[in-house]
Amino acid sequence: MARPQRHDVDPQRTGAIPVSASFKTFGQPAAPRPPGATYAALDLGTNNCRLLIARPAQHGFRVVDAFSRIVRLGEGLAASSRLADAAMDRAVEALKICRGKMANRGVTRARLVTTEACRAATNGLDFIRRVAAEAELALEVIDQRTEAALAVSGCAALADPAAESVIVFDIGGGSTEIVWLGGRSEARDPAARIREWASLPIGVVTVAERYGGIEVSRELFERMVEDCTQALAPFAKKAAGAKDARSFHLLGTSGTVTTVAGIHLDLPRYDRREVDGLWMHQRDILTVIDRLIEMDYAARAANACIGRERADLVLAGCAIFEAIRRAFPSERVRIADRGLREGILLRMMHEDRAWWRRK
């Protein structure tokens, strides 16, 4: 079998992507940005807390620090409609670490967002206030449309330039954002090329809590896929024409697709440089999913690209991935280890004319 294709685009050489949005700093109003500004983007999702700190570089940015921790903020949310105390405790502790990193790196502008868990929870605003008081961070609850647009902006550079139509998807913990993106000839700005979009009420945490993620038989996996297919159906109908366009392909950004890619490559430990921009073929994806279904929980937990914290979630993510693949058949899928945070960084730098100033 031929070695999978690597990316032909430098992960940091992405263009400036205008996506209209406000920003949050450390609870203070924005000030004019001096040369050499340092930017931070934080994404507190249903499952993960992730931070990226970067400085502008030619055509993009250079990452100077990063942080990622599984906090499971949305654990039990589907059943109770509330964020659990233990989940909020975990998230606040992770956010305090992020606050320290931003202070140590001299961050001058930041946008700190939270998504589905805080949108859905009846005590979401109480949690936001707690974060402000204890972690001294001003979280912004972004809406679903903004989340989808920022995710697209962060990974659109990986779309095949010849593709006249791409389905971009981001499988999250509590929701899945999916976009029908037109070709580059339509507009330079990816946000302007969005033809249809949807935020589906399915994510790795919600699906795993509904069906269980410890013991997953092939029959149970198919039931998960069927459930996800029903949730996807309205969008699939609106975007039915996507797959008929020239050079159509899928572009996925999430822990699910990067995990599938890492397992496909048999990485001894996860390596973003090997995964970001990888082209995977249909047979390769099916092989990995079959392999995961055959694994027991202990084997999944022992896999270096999965780990114990995600061993009960990975097959739920694969069920969402499989539902998308069946709705939009494509021989190839491009894997992106980039998305919402990168979109936020690019937008802030574009607003500050960071690249113009460097010339």
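Roughly speaking, to the nearest percent, how much of the range 200-285's 1.4 Å accessible area is carbon and sulfur?
Roughly 50 percent, rounded to a whole number.
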Cβ-based charge dipole, the chain, positive-most Cα from Ala41, Val168, Gln282: Ala41
Å² of accessible area per residue within the range 30-114, as computed with a 1.4 Å probe and no ligands counted: 40
Quotient of Cα Rg and 2.2 N^0.38 Å for the range 71-148, N being how many residues it contains: 1.11
Relative compactness, the range 302-359, computed as alpha-carbon Rg over 2.2 N^0.38 Å: 1.74
Descending Cα extents along the principal axes, the range 214-328, whole Å: 41, 33, 21
Whole-Hz couplings from phi, Karplus 6.51/-1.76/1.60, listed for the range 285-299; x for Gly and Pro: 5, 4, 4, 5, 5, 4, 5, 5, 5, 6, 6, 8, 4, 4, 5
Helical mean residue ellipticity (222 nm; -39500 (n - 2.57) per DSSP H run of 4+; nearest 500) of the chain: -12000 deg cm²/dmol
Solution diffusion estimate, µm²/s, Stokes-Einstein, the range 145-299, Kirkwood Rh from C-alpha pairs, 10 °C, viscosity 1.306 mPa s: 95
Peptides ranked, highest mean first, by Cβ atoms within 10 Å: ranges 68-80, 287-299: 68-80, 287-299
Heavy-atom surface of the range 227-335, accessible at 1.4 Å and reported per residue (Å²): 39
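Once you have a ≥ b ≥ c as the square roots of the Cα gyration tensor eigenvalues for the range 86-126, tell me rounded if a/c is under 1.5, and otherwise prolate or oblate according to whether a/b is larger than b/c.
Cα axes put the range 86-126 in the oblate bin.
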Long-range HN-HN contacts of Thr114 with modeled amide H, under 5 Å: Leu44, Glu140, Val141, Ile142
Relative frequency of Cα-Cα separations exceeding 15 Å in the range 114-210, percent: 64
Global form of the range 54-109, assessed from the alpha-carbon gyration tensor, a/c cut-off 1.5: prolate
Debye log10 I(q)/I(0) for the chain, one point scatterer per Cα, at q = 0.06, 0.08, 0.13, 0.16 Å⁻¹: -0.20, -0.36, -1.01, -1.55
Whole-percent carbon and sulfur share, accessible surface of the range 57-115, 1.4 Å: 47
Peptide ranges 206-212, 108-114 listed from the most packed, as the mean C-beta count within 10 angstrom indicates: 108-114, 206-212
The range 38-77 - Rg (one decimal) and Dmax (whole number), Cα, Å: 13.0, 44
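The values are calculated or read from the model by the stated rules, or taken from the named source; none is laboratory data. None of these values were measured; they are calculated from a predicted model. As a convention, Cβ positions derive from the backbone with ideal geometry for all residues, glycine included, and neighbour counts pool all protein chains shown. With ligands, DNA and RNA removed, areas are computed over all heavy atoms of the protein, side chains included. Shrake-Rupley method; radii C 1.70, N 1.55, O 1.52, S 1.80 Å.
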